[in-house]
1. Are there any pairs, at least 6 apart or on different chains, whose C-beta atoms fall under 7 Å, with the first in segment 28-54 and free of Cβ contacts under 8 Å to residues at least 40 places away in the same chain and the second surrounded by fewer than 12 Cβ atoms within 10 Å (Cβ to Cβ) and of a type in the set (Asp, Glu), and if so, which?
2. When residues of segment 494-526 are filtered for being more than 36 Å from the chain's Cα centre (by Cα) and part of a helix (DSSP H, G or I), how many remain?
3. Residue by residue through segment 232-252, note down the ones that are touching a residue at least 40 places away in the same chain (Cβ under 8 Å) and under 23 Å from the mean Cα position of the chain (by Cα).
4. Report whether or not Val103 is surrounded by 19 or more Cβ atoms within 10 Å (Cβ to Cβ), among the hydrophobic types (A, V, I, L, M, F, W, C) and either touching an Asp or Glu at 6+ places or on another chain (Cβ under 8 Å) or at pLDDT 95 or above (or both).
5. Which one of these is closer than 29 Å to Cys225 by Cα and surrounded by 21 or more Cβ atoms within 10 Å (Cβ to Cβ): Leu306, Leu296?
6. It is to be established whether one or more residues within segment 38-60 are under 21 Å from Ala144 (Cβ atoms), in the same structural domain as His140 (by TED's automatic domain parsing) and at pLDDT 85 or above.
7. Quick one: what pairs do we get from segment 6-20, first residue among the hydroxyl-bearing types (Ser, Thr, Tyr), second part of a loop (DSSP other than H, G, I, E, B), C-beta under 8 Å, 6+ apart or different chains?
8. Surrounded by 15 or more Cβ atoms within 10 Å (Cβ to Cβ), under 25 Å from Thr368 (Cα atoms) and small (Gly, Ala, Ser) - does that describe any residue in segment 487-504?
Amino acid sequence: MTKADGKAYNIPRTDLPLGPLSISAYLKKFVDVEVKLIDFNAEVNALDAVPFDNFEALCRHFFMQAQDFMPDFVGVSSLFSPSFPNFMDCGRMAKEVWPDSLVVGGGNIPTNSYEQIYRDMGCTFFDALCFGEGEKPMLHLLQADDAEAYLAASDSWITRQKVMGEALFAPKHDFIDDLDEIPFFDYDLCDIDKHEINQVVASYHNLDKNRGFHVMTSRGCPFLCTFCASHRTHGRSMRYHSLERVREDFTRLVEKYGAQTVIFQDDHLMADSDRVYKILDIVKSLNLNSVYQNGLTLYALDMPMLKAFWDAGVRHLVLPVESGSEKVLKKQMRKPLKMKISERVARDCRELGIYTNTNILIGMPGETKEDLEEARHNLREIASNWFNIACASPIVGSEIHEISKAKGYIKINDLGSDYRTAVINTEDFTAEFIQEYQYFMNLDLNFVHNYDLRCGNYAWAERGLKNVLRLKSDHAFAHYCLAKCYRGMGQTALADQHYLQYLEAIKTPFWGRWAWIFGLEGINPADWSAEHYGLLADILQPVAALEAEPMATQT
């Protein structure tokens, strides 16, 4: 997004912060309390310009603007590792601006990183960190006659004294078993208009109703996927809102807030198939669109279930295929999934007319370059419209974080890694190789072997490719594929226009190199040599040598 200062900024996801909204609703059920929310993702998006050198300065700015509100407690909520530096900045600034307030932190980060925060980093500005879900621990904190004494005695609150003390401290979860005990979430805390600037939701196919509200109808996940850490916060046992409660909440979102879309954030929505059918009936009866950012399990998406999604108006699904290697799925990810299931679900979605994105994760500890190549070739047979390829991230609390830390695989400060940047170095690959391979795989699956182009579905191919150009107008491969797409559609003028833009783009070293690697037209091979394979040399040079040999003939 280009702001008033003329600079282009990445747009953060503006998902509604369900943790704080749930905690606020639960507190207000029992205690006379006033709550104010500052959601930095939404606030940053709404700024006309960002005149701050760092996130700490941004925090100070917003906290100083809130000086009419003098809190007794400041809670900083943050989920996973990528936001770790921001989590620490918020806590530091909160204690600076409100030195008399009790500053606490919650979410996946403090649940899994409290020893690093207190012992390794010497943090003094967080008075306590909550372990796991925060509704009951926060309520008991506010009800306590002596807050500091309660923090010192509670098993759900972690303090610096407990971590640094001689006695071993093992914090415990304090879950709400019946989720219906939590009132309707406190959506009034949010400026809903600011949350509508959400590129993740806007990217969904055929979603013209974008006034969306994030919901979570269950908590917990029994699976053992090594790349996930959500179980450390919500546990492995499933807990649910009743179907009656789901209907009440969705109806209220429609009638009070004008909701047009519900965005599911359950970690394991498909745990009970019968329940999913009934939730889809609720969605349909209220004429709501629905988005499923996660929580789908492919084995449960048989044709009857997919037809129920279609009947409820769903036209776009994200498929968690994760890998094209059976070995990696089984051994490195511990994900109970077979490739034949992924192939069947993608094919069934295409038959019904449901657009699919497929999530892929590469660079797992124990994965090899041979595994990556097998996965790349296998994934070409997945009839998906688009592939989202991410680098394995050692999220704190996940098994791959424990493995990476124990074996010295982590390249940088592991508390701030994300799925865009490769940070794991193993005996089989470097982080730099995975970063390069991620882009190579993206070009291979989404452009050179784009499934829609191969099967002549030019309308869907056009959608994905134009979305790329919206984000990166000089993308040579998008122009090249759109030229092929428009030729297939009989739109010669548009095809020529994009082909000329492709030829212009490959004059640059970046796009010229990639066009040469994939053997696209318009490139003079004499301008390039084996050294330009770079980090991909050991997987591409043998292929190039094989293709250079004269083909044997047989009669």
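The values are calculated or read from the model by the stated rules, or taken from the named source; none is laboratory data. In this text the structure is predicted, and so the values were computed from the model without any measurement. Because the Cβ atoms are built from the backbone with ideal geometry, glycine has one as well, and the counts that use them run over all protein chains shown.
1. none
2. Summing the residues that are more than 36 Å from the chain's Cα centre (by Cα) and part of a helix (DSSP H, G or I) in segment 494-526 gives 3.
3. Selection gives Arg232, Thr233, His234, Gly235, Arg239, Tyr240.
4. Yes; evaluated as a whole, the condition is true for this residue.
5. Leu296
6. No, segment 38-60 contains no residue that is under 21 Å from Ala144 (Cβ atoms), in the same structural domain as His140 (by TED's automatic domain parsing) and at pLDDT 85 or above.
7. Hits for this filter: Tyr9/Met1; Tyr9/Lys3; Tyr9/Val50; Thr14/Asp39; Thr14/Glu196; Thr14/Ile197; Thr14/Asn198.
8. no
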